[in-house]
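First up is the structure itself, then whatever we jot down about it.
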Amino acid sequence: FGLLSFFIALLLYLGYDYSRRPRNSTLYLIALTAGLALTHHHIVIFVFPSVVMLVLHHRKKLMSLTKGEFLIIPLCGILGLTPYLWAVIAGLRVTPITWDDPVTLSNLYRLISRADYGSFQSGIVYGEHIQSRLLQFVA
């Protein structure tokens, strides 16, 4: 979880930096870092509302962005997601271990959504039904 902690700290720092000195380059770094962080661990998404609130501190600055400047923000986020391309490239090669075999769209989705990690399952005792999964919160 060291890299996850780094990404969380970096996102919060960049959001704070933008709230103090709003610059487009900081917005681009936030989007790039968010994309990279999502390729590492999906729980980083819980930090996004805090970063968004820090960025929204300067709504007027955001509204003054041109269409081109505004388009760069999601492109930086997509650029941050490019490590998933390595999973596809590795899946196309003959390798002894390929996680989820991401050469098809459904398998790539399973890898990105981390479907095989057992999200919301604290153990193998619990079944696939939503009722049994809700019991895990009590456990």
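Expected output is a single nm value to one decimal: the length gained when fully extending between F1 and S19, i.e. 0.36 nm times separation in residues minus the C-alpha distance. What is it?
Details: separation 18, 0.36 × 18 = 6.48 nm, distance 2.69 nm.
Full extension of this stretch gives 3.8 nm more.
Given the DSSP H assignment, sum -39500 (n - 2.57) over each helix run of at least 4 residues in the chain and divide by its residue total; what's the result at 222 nm in deg cm²/dmol, nearest 500?
Working: 8 runs with 91 residues, N = 139.
Roughly -20000 deg cm²/dmol at 222 nm, from the helical runs in the chain.
Compute the whole-percent fraction of alpha carbon pairs in the stretch 24-91 spaced more than 21 Å apart. Provide the component values of the computation, followed by the final result.
Numbers: 679 of 2278 pairs.
Here the tail beyond 21 Å accounts for 30 percent of pairs.
Contour minus end-to-end for L81 and T104, with contour as 0.36 nm per residue of separation and end-to-end as the Cα-Cα distance? Mind dumping the intermediate values first?
Working: separation 23, 0.36 × 23 = 8.28 nm, distance 1.74 nm.
The span from L81 to T104 would gain 6.5 nm if fully extended.
Could you give the C-alpha radius of gyration of the stretch 1-48 expressed as a fraction of 2.2 N^0.38 Å, taking N as the number of residues it contains?
On the way: Rg = 10.4 Å, N = 48, 2.2 N^0.38 = 9.6 Å.
The reported ratio for this selection is 1.08.
With a 1.4 Å probe and all protein chains left in place, how much accessible area per residue does the stretch 1-112 have, in Å²?
Details: 7460 Å² over 112 residues.
Each residue of the stretch 1-112 exposes 67 Å² on average to a 1.4 Å probe.
Any idea what the dipole of the chain comes to, in debye rounded to 20, about its Cα centre with Lys/Arg Cβ at +1 and Asp/Glu Cβ at -1?
Working: 11 positive and 6 negative charges, 140 e Å.
So the magnitude is around 680 debye.
Whenever you get a sec, compute what percent of the accessible area on the chain sits on carbon and sulfur atoms (1.4 Å probe).
Values: 6980 of 9760 Å².
Looking at the chain in its full context, I get 72 percent from C and S.
Going toward the positive end of the dipole of the chain, with +1 on Lys and Arg Cβ and -1 on Asp and Glu Cβ, which of H41, I89, I8 do you reach last?
Farthest along the dipole direction, towards plus: I8.
Just one of [x] 112; [y] 161; [z] 136 is volume of the Cα convex hull per residue in Å³ as worked out from the coordinates here. Which one is it?
Among [x] 112; [y] 161; [z] 136, the one derived from this structure is [y].
Which sequence of V94, V52 reflects their accessible areas, 1.4 Å probe, from the largest down? Could the numbers behind the result be given before it?
Values: V94 150, V52 75 Å².
Largest to smallest exposure gives the sequence V94, V52.
The values are calculated or read from the model by the stated rules, or taken from the named source; none is laboratory data. Quantities reported herein were computed from a predicted structural model and do not represent experimental measurements. Reconstructed Cβ throughout: ideal geometry from the backbone, glycine too, with neighbour counts over all protein chains shown. All accessible areas refer to the heavy atoms of the entire protein, side chains included, with ligands and DNA or RNA removed. Shrake-Rupley method; radii C 1.70, N 1.55, O 1.52, S 1.80 Å.
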